[in-house]
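The values are calculated or read from the model by the stated rules, or taken from the named source; none is laboratory data. Since we're looking at a predicted model, the values are computed, not measured. Cβ: placed from backbone, ideal geometry, glycine included. Neighbour counts: every protein chain shown. The accessibility values were calculated without ligands, DNA or RNA, using every heavy atom of the protein model including side chains. Shrake-Rupley method; radii C 1.70, N 1.55, O 1.52, S 1.80 Å.
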Amino acid sequence: MKFKFNVNLTQEDYIEFNKVAMYEMSAGKKLVKGERIFFAVFCAIAIVAILLYYKLSLVGFVAVGLFLIATVLVQLLLKPFLNVFLKVSIKSMSKTKGKMPFTEHSVIEFYDDVFVEISEDNKNEVKYSAIDDVFVNGKFVVIFISKIQAYILPVSCFESNEQLITFLKFISEKRQAFAK
């Protein structure tokens, strides 16, 4: 065994991870950008429709002004709204299903040819060739197995910055050696 990490994730960690996924990773950035563009296009169509329907009257211009204000507000408040929506969604998952959408307590062991996550309920063995991507920021190391499945290692799992750097070199080498 090359590395062994005791991973303890909280609901707040998972919420933070999802924020990172939404605002820092390319797929999340595309989604947020798409939402912004969709709403702006929707408002532009509504403005044109209002102007055509009210034939450039005062009522039409007031309605257009309100739509423009709404568009600006939505663009400014989209990120806080998405953060609240994210928190509510994740918290409601635990209430309705009784189980979180992540493993709260696990041990992840990294060997020469595989890594293994061991939790109370499961033991998952993953070959390095299955790694789709690795994302690193100041809070997490995320090992993606697919676009929707990942192993989250909080930076707090690492004993030191040197261990983190050594681990990232190890994962990089394994990804290259076992590339699909």
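Would you please classify the overall shape of the chain from the alpha carbon gyration tensor, given that a ≥ b ≥ c denote the square roots of the eigenvalues, rounded means a/c under 1.5, and beyond that prolate means a/b larger than b/c while oblate covers the rest?
Working: a/c = 3.35, a/b = 2.55, b/c = 1.32.
In terms of gyration-tensor shape, prolate.
Return the loop-located GluC sites (Glu not before Pro) in the stretch 1-101 (DSSP other than H, G, I, E, B) with at most 13 other Cβ atoms within 10 Å of their own Cβ; answer none if there are none.
Working: sites: GLU12, GLU16, GLU24, GLU35; in loops: GLU24.
Loop-located and lightly packed - GLU24.
Mind running the shape call on the stretch 70-119? Use the C-alpha gyration tensor, a ≥ b ≥ c as the square roots of the eigenvalues: rounded below 1.5 for a/c, prolate if a/b tops b/c, oblate otherwise. All intermediate terms of the calculation are to be shown ahead of the outcome.
Working: a/c = 6.17, a/b = 2.12, b/c = 2.91.
It comes out oblate by the Cα gyration axes.
Any chance you could give the angle, 0 to 90 degrees and rounded to 10, that helix 161-177 forms with the longest Cα principal axis of the chain?
90 degrees
Before I look further, what does the stretch 1-68 give for accessible area per residue, probe 1.4 Å, in whole square angstrom? Numbers along the way, then the final one.
Numbers: 4480 Å² over 68 residues.
The answer is 66 Å² per residue.
Mind checking which lysines have their Cα closer than 20 Å to the Cα of LYS79? Skip sequence neighbours fewer than 8 apart in that chain.
Filter leaves LYS19, LYS29, LYS30, LYS33, LYS87, LYS91, LYS139.
Can you put LEU58, LEU153 in order of accessible area, largest first, using a 1.4 Å probe? Don't skip to the end; give the middle numbers.
Values: LEU58 135, LEU153 0 Å².
Per-residue accessible area, sorted high to low, gives LEU58, LEU153.
On C-alpha positions alone, give me the angle between the axis of helix 58-97 and the longest principal axis of the chain, in degrees, nearest 10.
Once rounded, one gets 30 degrees.
Return the carbon/sulfur percentage of the accessible area of the chain, one whole number, probe 1.4 Å, all protein chains in place. The partial results should precede the final answer.
Values: 7110 of 11500 Å².
Accessible surface attributable to carbon and sulfur in the chain totals 62 percent.
Using a 1.4 angstrom probe with every protein chain in place, what is the largest-first accessible-area order of SER26, SER156?
On the way: SER26 80, SER156 105 Å².
In descending accessible area the options line up as SER156, SER26.
How large is ³J(HN,Hα), in whole Hz, for each residue of the stretch 129-142 in order, when computed from phi with the Karplus curve 6.51 cos²θ - 1.76 cosθ + 1.60 and θ = phi - 60°, using x for Gly and Pro?
Karplus values, whole Hz, x for Gly and Pro: 5, 7, 5, 8, 6, 10, 10, 10, 9, x, 10, 9, 10, 10.
FRET efficiency for PHE81 and ALA130, Cβ-Cβ distance as r, R0 = 30 Å, nearest 0.05?
On the way: r = 35 Å, r/R0 = 1.17.
Efficiency, rounded to the nearest 0.05: 0.30.
For the stretch 76-176, run through the GluC sites (Glu not before Pro) and keep only the ones in DSSP coil with at most 14 other Cβ atoms within 10 Å of their Cβ. Please report the intermediate quantities before stating the final value.
Numbers: sites: GLU104, GLU109, GLU117, GLU120, GLU125, GLU159, GLU162, GLU173; in loops: GLU104, GLU120, GLU159.
The qualifying sites are GLU120, GLU159.
When all protein chains stay in place, what accessible area (Å², nearest 10, 1.4 Å probe) is found for VAL32?
Near enough 20 Å² of accessible area.
In whole percent, what relative contact order does the stretch 79-180 give with Cα contacts below 8 Å and a gap of six or more residues?
Numbers: 102 pairs, mean separation 14.7, N = 102.
After rounding, I find 14 percent.
At 1.4 Å probe size, what's the solvent-accessible area of TYR23? Round to the nearest 10 Å².
Estimated to the nearest 10 Å², TYR23 gives 50 Å².
What trypsin sites (Lys or Arg not before Pro) in the stretch 118-177 are in a loop by DSSP, with at most 16 other Cβ atoms within 10 Å of the Cβ? Each step should come with its number before you reach the end.
Values: sites: LYS123, LYS127, LYS139, LYS147, LYS169, LYS174, ARG175; in loops: LYS139, LYS147.
For trypsin sites (Lys or Arg not before Pro) across the stretch 118-177 that sit outside H, G, I, E and B with at most 16 neighbouring Cβ atoms in 10 Å, the list reads LYS139, LYS147.
Tell me the accessible surface of SER160 in square angstrom (1.4 angstrom probe, heavy atoms of protein chains only), to the nearest ten.
50 Å²
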